[in-house]
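The values are calculated or read from the model by the stated rules, or taken from the named source; none is laboratory data. Nothing here was measured: the structure is a model prediction, and the numbers come from that model. As a convention, Cβ positions derive from the backbone with ideal geometry for all residues, glycine included, and neighbour counts pool all protein chains shown.
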Amino acid sequence: MPAEHFTHVQTWVFDLDHTLYPPDMQLFDQIEIRMIDWVMRELGVGREEANHLRAKYWREHGTTLAGLMRIHGVAPEGYLIDVHDIDFTVLSPDPHLRDAITSLPGRKIIYTNGTAPYAENVIKARGLSDIFDAIYGVEHAGFHPKPDHAAFEQVFAQDGLDPRTSAMFEDDPRNLAVPHALGMRTVHVAPDPLAHDHIHHHTDDLRGFLTQLTR
């Protein structure tokens with residue numbers, strides 16, 4: 001049973017996109033479209049090239065924004081406001097997930113490569129407001145993205161959590177490598193399992209997984 005591997009956990013760290021809501025709600029699809037539009041407009045390239053750069057920078061730099069900052073000197077604030085100006089009504093509340101998270105012993109925090117205000121909008125639409133002790137966005141990491149070690153180091157230092165008594169839930173397997181190295185329990189939340197040394201557990205049902213831990 002997974003529960004025996006989490007008895008030491010005092011801080012539960014959750015990613016946001018495709019972790020606290022399922023991919024089939026297609027919220028992030030809207031962000032990707034706005035990213036492409038932004039790159040087209042600001043870099044003066046066509047849609048195909050803009051989409052290529054969006055994916056290339058995500059793959060090579062951790063996020064599209066990180067690539068834009070490093071390669072083109074883009075200021076992050078305006079970009080982040082623009083790409084997160086989306087319709088949150090595609091998300092639906094999940095009271096059972098709320099109950100499962102609330103039942104976890106210890107602190108619960110969100111750490112996302114998006115912004116904290118964006119995260120607030122997401123959890124409000126999901127009916128998960130007021131159950132997290134802290135919300136950290138890319139701005140709290142000095143705009144360093146997960147999976148960079150510096151990003152985790154900066155956010156975890158601000159929070160004061162002990163990685164050795166913490167667990168991380170993430171949909172992007174790259175973002176679990178540093179938490180694993182720091183001593184965290186790692187859970188990959190995604191439709192399909194992947195075999196990586198830095199992934200302890202996989203689930204395609206976060207609510208069900210968390211319920212097992214507190215049953």
Condition broken by Thr7, with the remaining ones in (1) polar (S, T, N, Q); (2) closer than 27 Å to Phe152 by Cβ; (3) touching a helix residue (DSSP H, G or I) at 6+ places or on another chain (Cβ under 8 Å) satisfied: (3)
Close pairs from the stretch 69-80: first farther than 18 Å from Asp37 by Cβ and not assigned by TED's automatic domain parsing to the domain that holds Leu53, partner modelled with pLDDT under 90 and part of a helix (DSSP H, G or I), Cβ under 7 Å, at least 6 apart: none
Residues located in the stretch 152-189, provided they are outside any helix (DSSP H, G or I) and either surrounded by fewer than 18 Cβ atoms within 10 Å (Cβ to Cβ) or at pLDDT below 95 (or both): Gly160, Asp162, Gly183
Residues located in the stretch 79-115, provided they are more than 30 Å from Arg54 (Cα to Cα) and of a type in the set (Asp, Glu): Asp94, Asp99
Test for His52: is it touching a Ser or Thr at 6+ places or on another chain (Cβ under 6 Å), of a type outside the set (D, E, K, R) and over 20 Å from Asp85 (Cβ atoms): no
Residue count, the stretch 118-133 (criterion: out of contact with any helix residue (DSSP H, G or I) (no Cβ under 6 Å at 6 or more places or on another chain) and either crowded, with 19+ Cβ neighbours inside 10 Å or over 14 Å from Thr89 (Cβ atoms) (or both)): 9
Tyr79 vs. criteria part of a helix (DSSP H, G or I), out of contact with any Phe, Trp or Tyr (no Cβ under 8 Å at 6 or more places or on another chain) and of a type outside the set (S, T, N, Q): no
Answer residue from the stretch 44-82, given it is among the hydroxyl-bearing types (Ser, Thr, Tyr) and closer than 17 Å to Gly142 by Cβ and is modelled with the highest pLDDT among those: Tyr79
Positions within the stretch 87-114 being buried (at least 18 other Cβ atoms within 10 Å of the Cβ) and farther than 21 Å from Ala167 by Cα, in sequence order: Leu91, Asp94
Filter result for Val90 (within 18 Å of Met35 (Cα to Cα) and either in contact with a helix residue (DSSP H, G or I) (Cβ under 8 Å, 6 or more places away or on another chain) or assigned by TED's automatic domain parsing to the domain that holds Trp38 (or both)): no
Residue count for the stretch 10-37, restricted to those that are more than 30 Å from Phe156 (Cβ to Cβ), touching a Lys or Arg at 6+ places or on another chain (Cβ under 9 Å) and of a type outside the set (Val, Ile, Thr): 1
Single condition Asp130 does not satisfy, out of (1) closer than 17 Å to Leu16 by Cβ; (2) in contact with a Pro (Cβ under 9 Å, 6 or more places away or on another chain); (3) without any contact (Cβ under 8 Å) to a residue 60 or more places away in the chain: (2)
